[in-house]
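Novice: Below you'll find the structure I mean.
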């Protein structure tokens, strides 16, 4: 059954069928193997039931807040801050690229949006500094993976809605792994700069210039603290936190006179389009998730992993390997929606902490954004850098390897994810 579902999905993807229809057609084939009479009742029920969740309302609000900050020019101040801190270093724009992604993560949370914004600004500048185009594009795509890991994270909200896990704990748990991934790319850039021989081309910012950069970027830097603290300390729900940060972004835009009715309308339109895309994928994925659960696929997987039931690290490594290959072939939201209900009971039965599992799955799904042939960030980076996609596919693998190494550290050392949630309990 599983082979038929995956085969149907891939064939329709190659034919150019819209993603949510690919998922529904795959589900329809799955019902043939289980009980086709259930299809008439369960497909519409699970399709609409999959998005009937108050927790999911946080997603369009966080997307809207990120769009508002982008259109209001607040995120450009983050690049200015990163440049004032490390732009003077040898090969400084590579470091600016990674650190800007860390700053963007707390504002946007979308890897694809970060790739587009940073790529259009930094890739041409990095080329002038001596970076190879494919490396500059690859670093931009790879560093944008930090966005969905450091809060706010759409992937973590989806995971929480599927597993009844605390969104606040997941947000806290993603901070250190996100910084670890950023540090890994900083080290990679350091080694590349030394190998290629790129020199410093920018003067060190003055103390006054750094203070000014902090001052102008402070409103955007405060946003993630508002989101996380308001949820962790129980002042608001994740959805209410999203509404709070939207209000915050609007007030900032009005006070700074950078937000007008046109920009507000454009932000709403972009949010509606992206939200609609995500929610229809969630709805279609929910149908297959129910089908796999009904066919007792988690129980079958648990039987295969029985020899490792007392070794949580081994279970996470195996599940991560499966997620890596599945993520290469599926869109990230649908992969998360399909795999979480299957993997969650197996991992919990093996002694894996649900918060740790959530971060591991989030990182795995995020890495899929830069793995061929479906990696969305790779396509965006190639487009903004004006390089051939096949060349991009060839040059992205070192960045994938670095991300995998960071993921292995997160798996082997659970305290990297569980430390902050433990501190605030």
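Novice: Are there any pairs with C-beta distances below 6 angstrom linking a residue in the stretch 161-179 that is in contact (Cβ under 8 Å) with a residue 40 or more places away in the chain to a residue that is surrounded by fewer than 22 Cβ atoms within 10 Å (Cβ to Cβ) and not in a helix (DSSP H, G or I), with the two at least 6 apart or on different chains, and if so which?
Specialist: 161/53
Novice: When you go through (1) surrounded by fewer than 22 Cβ atoms within 10 Å (Cβ to Cβ); (2) under 27 Å from the mean Cα position of the chain (by Cα) one by one for residue 69, which number turns out not to apply?
Specialist: The failed condition is (1).
Novice: When you check residue 57 against the structure, is it under 19 Å from the mean Cα position of the chain (by Cα) and surrounded by fewer than 22 Cβ atoms within 10 Å (Cβ to Cβ), yes or no? Working first, answer last.
Specialist: On the way: under 19 Å from the mean Cα position of the chain (by Cα): yes; surrounded by fewer than 22 Cβ atoms within 10 Å (Cβ to Cβ): yes.
Yes, satisfied.
Novice: Report, by residue number, each residue of the stretch 1-23 that is in contact (Cβ under 8 Å) with a residue 12 or more places away in the chain, surrounded by fewer than 18 Cβ atoms within 10 Å (Cβ to Cβ) and over 24 Å from the mean Cα position of the chain (by Cα).
Specialist: Within the stretch 1-23, 1, 2, 4 qualify.
Novice: Does residue 82 count as at pLDDT below 85 and touching a helix residue (DSSP H, G or I) at 6+ places or on another chain (Cβ under 9 Å)? Write out each step before concluding.
Specialist: On the way: at pLDDT below 85: no; touching a helix residue (DSSP H, G or I) at 6+ places or on another chain (Cβ under 9 Å): yes.
Criteria not met by residue 82.
Novice: Within the stretch 190-203, does at least one residue satisfy the condition of being assigned to a helix (DSSP H, G or I), under 30 Å from residue 250 (Cβ atoms), without any contact (Cβ under 8 Å) to a residue 24 or more places away in the chain and over 15 Å from the mean Cα position of the chain (by Cα)? Can you show your working first?
Specialist: In the first step, residues of the stretch 190-203 are kept if they are assigned to a helix (DSSP H, G or I); the result is 190-196.
Next, only the ones that are under 30 Å from residue 250 (Cβ atoms) stay: none.
For the stretch 190-203, residues assigned to a helix (DSSP H, G or I), under 30 Å from residue 250 (Cβ atoms), without any contact (Cβ under 8 Å) to a residue 24 or more places away in the chain and over 15 Å from the mean Cα position of the chain (by Cα): absent.
Novice: Now for a separate question. Of the residues that make up the stretch 174-196, is at least one at pLDDT 90 or above, under 25 Å from residue 68 (Cα atoms) and crowded, with 24+ Cβ neighbours inside 10 Å?
Specialist: yes
Novice: I would also like to ask the following. Output yes when any residue across the stretch 296-311 is modelled with pLDDT of 85 or more and under 19 Å from residue 411 (Cα atoms), and no when none is.
Specialist: Of all residues in the stretch 296-311, those modelled with pLDDT of 85 or more come to 311.
Okay, now just the ones that are also under 19 Å from residue 411 (Cα atoms), so 311.
The answer is yes; a qualifying residue exists.
The values are calculated or read from the model by the stated rules, or taken from the named source; none is laboratory data. Keep in mind it's a predicted model, so treat the numbers as computed, not measured. Counting neighbours? That spans all protein chains shown, and the Cβs are built from the backbone with ideal geometry, glycine included.
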